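Below you'll find the structure, written out as structure tokens, and then a few comments.
Bear in mind these aren't lab numbers, they're just calculated from the coordinates by the rules spelled out. Nothing here was measured: the structure is a model prediction, and the numbers come from that model. Cβ placement follows ideal geometry from the backbone for every residue including glycine, while neighbour counts extend to all protein chains displayed.
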């Protein structure tokens, strides 16, 4: 197989690879999708703006304990905004593909993931010159109030030869098939079904969840913003107790619907 190596690798990473053949070696220019970073930036900005408005207009002498809420909102806003900006410029590190595993090297730390741990769902966005790769892992979790199994993901952004590297990833995953698949959802979650399926065919028994995950997250954030707005407005009007009661009722109703 042709080696795709467009960068010079750190010595520590070279030592970890040893004498194993390299399929590809690239450096990801981001660690997270831009959408996730922009989402945090917008959310943090919202909290900051609303909190600043409350601080500049509220009568703190009459707010009592409720005067803490604008300060908490400011802290949340600063933390969320800072996290979003940091994630936007954070590099994803080096990714090296070898016949049995994918190696990630970032800030002196090496993480090795066997190809057997991937589902075979590989998505490539971009063109022959440059693009992004999304690799879905078998590991993941089910939120306590949901029935959608959310897979962990590996992101490799802004790399050359993305289409060709994506094909290499699919080939290596299939070479390490079959794998044992434990169905995360179904009619009886206490008696999960275990099936042997070839890598790359997980979608036949596992429903797609990437879009569902985005929709679910958006719904949660809209509810959070609405509840936060109610609390802030009630605080501004001097009716904090009623605002907290209304917010609690909304959260209970939303949880029951799920």
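Net length available on complete extension from residue 250 to residue 125 is 41.1 nm, with 0.36 nm assigned per residue and the Cα-Cα distance removed.
Between residue 91 and residue 224, residue separation times 0.36 nm minus the direct Cα-Cα distance comes to 44.9 nm. Maximal additional length on extending the residue 42-residue 148 stretch stands at 35.6 nm, based on 0.36 nm per residue less the C-alpha distance.
As an exercise, use a Förster radius of 22 Å and the Cβ-Cβ distance of residue 177 and residue 139 to find the FRET efficiency, rounded to the nearest 0.05. Efficiency at R0 = 22 Å is approximately 0.85. Modelled spin-label separation between residue 167 and residue 75, with each label point placed 7 Å from Cα along the Cα-to-Cβ direction: 5.4 nm.
In which sequence would 233, 94, 134 go, from the one with the fewest C-beta neighbours within 10 Å to the one with the most?
Least crowded to most crowded, the residues run 233, 134, 94.
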